[in-house]
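Here the structure comes first, spelled out in structure tokens, and everything after it is commentary.
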Amino acid sequence: MRNTFILILFLNCFQSLAQKVSLFDDPVKLDLVSQCGDYIYNNEFKKADSAILVLANHLPDHPVLHLMRALNIGWREMPISTTSEVFPAHYAELQKVIESALKLQEMDPDGADGIFFEMSARGLLAEYYASEGTYLKALGEARKMYGLVRLGFDFVDENKEFLFSTGLYNYFREMYPNRHPIYKPFVWVFKSGDMETGLAQLDRATREAKMIKIEASLYLSYIYLRYENQPLKALVYLEELVKRYPKNNYFKSKLLECLFVKLDYSRAFPLLTKLMKNEDPYYKMCGQVYFGLYQEKLIKDYDLSEKYYEQALNTGKHYIDKGIYFRGLAYLGLGRINKSRGNNEAAKIYFQNVLEINESDVLNQEARENLKGLR
């Protein structure tokens, strides 16, 4: 997942470089930051540009300024990856976040501001590197983060914003090495986590924190969809995100995924038809693959379903590390269709493609079960 969005959630607990006053304790500046975030999340990027200029007058050289710029760049091409055209500019702002955060730490080593800004920027970088398979770089950033995350444990009781970072650590410290065994030899040096505790902390963050509600909701929905297979729980968070940010197509794509997992086709159909018309190939691909799934599962029109699965794969063919889950859905659907027609060799190839992608445990399990019947 991309996630991708961790940074905006720490906006409420950071200090001003000049005044050593927590941004969280300054309602006027906090409102400016919140407004920037709302514009970015609602894909109103020109308004966000203007809001960031106002923010720069109040918080020059503060990490939050570079954070807002990084997010505004990144959300223009969500989900962003290292192969995106805008990534160099996004990366440059994240480096400035780290530099400014380190200056904060020099001024106030025990302050939450510097710790969280550096941790947030490094967390995003680690996520990008892991997604592209650059594991040593990902581990390098993770090691730099680890000390900061452990410091964050001490802030949880007094500042509910830290529920987010602590919850993520508790959950993914245990889940990620199991999902990606390549990391298992390296993670023994990191303190053990607790997945149930992590989920509880993230849920508390959606209710008790002030500025991290959106990010906590997004990550929880992702976890419940991709890892826990509990779409009803994911639906609660996603419906609120789409309602609050109606122009955000990424949130809509996650809601669409959730509706299909819970087989709510009637509510899903209007969403998928809108995404099919989107000019962005990523969202067009999303709409096409779910239209194919709609035709296959509900209408039983396998010829039309096959057509749209193939269209989805063609639409997203230039992507290297985006839309992987959608490709998995398309391959799985084409495998089922070919299996039903007796085209076993073709079906095997499609099911094996799903396993090679290795994006979803649920999709992988279905692919393996289908392959058993073809041997």
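The values are calculated or read from the model by the stated rules, or taken from the named source; none is laboratory data. None of these values were measured; they are calculated from a predicted model. Neighbour counts are summed over all protein chains in view; Cβ atoms, including those assigned to glycine, are modelled from backbone coordinates with ideal geometry.
Return the residue satisfying two criteria in turn: it lies in the stretch 35-59 and is among the polar types (S, T, N, Q) and farther than 16 Å from K243 by Cα, and of such residues it is surrounded by the most Cβ atoms within 10 Å (Cβ to Cβ).
My answer is Q35.
Cβ-Cβ under 7 Å, sequence separation 6+ or interchain: first residue in the stretch 157-173 and more than 13 Å from I223 (Cα to Cα), partner hydroxyl-bearing (S, T, Y) and part of a loop (DSSP other than H, G, I, E, B). Which pairs?
R173/S192
Among the candidates K243, K262, K277, single out the residue that is surrounded by fewer than 21 Cβ atoms within 10 Å (Cβ to Cβ), among the charged types (D, E, K, R) and touching a residue at least 12 places away in the same chain (Cβ under 8 Å).
K262
Just checking, how many residues over the stretch 44-73 are without any contact (Cβ under 8 Å) to a residue 12 or more places away in the chain and hydrophobic (A, V, I, L, M, F, W, C)?
2
May I ask you to say which residue of L220, L259, L235 is at pLDDT 90 or above and under 16 Å from N170 (Cβ atoms)? Walk me through how you get there before you give the answer.
On the way: L259 fails: under 16 Å from N170 (Cβ atoms); L235 fails: under 16 Å from N170 (Cβ atoms).
Of L220, L259, L235, the one residue that is at pLDDT 90 or above and under 16 Å from N170 (Cβ atoms) is L220.
Tell me, which helices (runs of 4 or more DSSP H) wholly within the stretch 271-366 include 3 or more residues that are among the charged types (D, E, K, R)?
The helices (runs of 4 or more DSSP H) meeting that bar are 302-315, 324-340, 344-357.
Before we move on, is G316 in the same structural domain as Y282 (by TED's automatic domain parsing), without any contact (Cβ under 8 Å) to a residue 60 or more places away in the chain, within 15 Å of P281 (Cβ to Cβ) and surrounded by 14 or more Cβ atoms within 10 Å (Cβ to Cβ)?
Spelling it out, G316 is indeed in the same structural domain as Y282 (by TED's automatic domain parsing), without any contact (Cβ under 8 Å) to a residue 60 or more places away in the chain, within 15 Å of P281 (Cβ to Cβ) and surrounded by 14 or more Cβ atoms within 10 Å (Cβ to Cβ).
Keeping to the stretch 203-234, report how many residues are in a helix (DSSP H, G or I) and farther than 22 Å from I40 by Cα.
Number of matching residues: 11.
Quick one: count up the residues across the stretch 78-119 that are over 14 Å from L65 (Cβ atoms), among the charged types (D, E, K, R) and more than 23 Å from the chain's Cα centre (by Cα).
Of the residues in that region, 3 qualify.
Under the condition of being polar (S, T, N, Q) and assigned to a helix (DSSP H, G or I), which residue from the stretch 178-202 is modelled with the lowest pLDDT?
Taking the candidates together, the pick is N178.
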